[in-house]
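The values are calculated or read from the model by the stated rules, or taken from the named source; none is laboratory data. Remember, predicted model here, so these are calculated numbers, not experimental data. Every residue, glycine among them, receives a Cβ derived from its backbone with ideal geometry; neighbour counts consider all protein chains shown. We work out accessible area using only protein heavy atoms, side chains counted, and drop any ligands, DNA or RNA first. Shrake-Rupley method; radii C 1.70, N 1.55, O 1.52, S 1.80 Å.
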Amino acid sequence: MADSARSTLPLPDYDQLPIGGLESRVRSLSGDEVERLLSYERSHADRPAVTRLLGARLDQLHAGAEPTSGDPNALRPEAGQGGQGGSPVSPATSPEPHSPPPHGTPDQPAQPKGNRT
């Protein structure tokens with residue numbers, strides 16, 4: 001499939017979805033849509049975990065399962081809310097330094113127990 005096939009997949013940004021996001025979104029798809037994704041996956045990345053997931057969902061649909069309500073275009077939590085990202089930790093919010101561990105520091109090596117004076 002070419003890039004045009006990617007743009008017609010039933011899930012937007014399919015290639016960027018983590019498996020957890022894919023697992024929840026694939027439940028809203030019909031059998032034909034899952035088959036299209038499975039065909040695309042096998043001819044591109046062919047990730048074993050993804051092909052197992054899609055195959056299992058296809059089996060469920062063939063056994064009588066119905067697609068659940070849900071919007072494949074809905075907000076994706078794994079994409080974030082557009083925040084700045086990164087860590088809020090800075091030197092001002094870091095904890096105070098603490099004592100070195102009891103077994104010594106590199107500049108003060110521990111002494112064997114039997115040789116104390």
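Data overview
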read-out	value
Heavy atoms of GLU66 accessible to a 1.4 Å probe, total area in Å² rounded to 10	140 Å²
Accessible surface, 1.4 Å probe, highest first, among residues LEU37, LEU53	LEU53, LEU37
FRET efficiency, ASP46 to GLN16 (Cβ-Cβ, R0 22 Å, nearest 0.05)	0.85
FRET efficiency, ALA56 to SER7 (Cβ-Cβ, R0 35 Å, nearest 0.05)	0.85
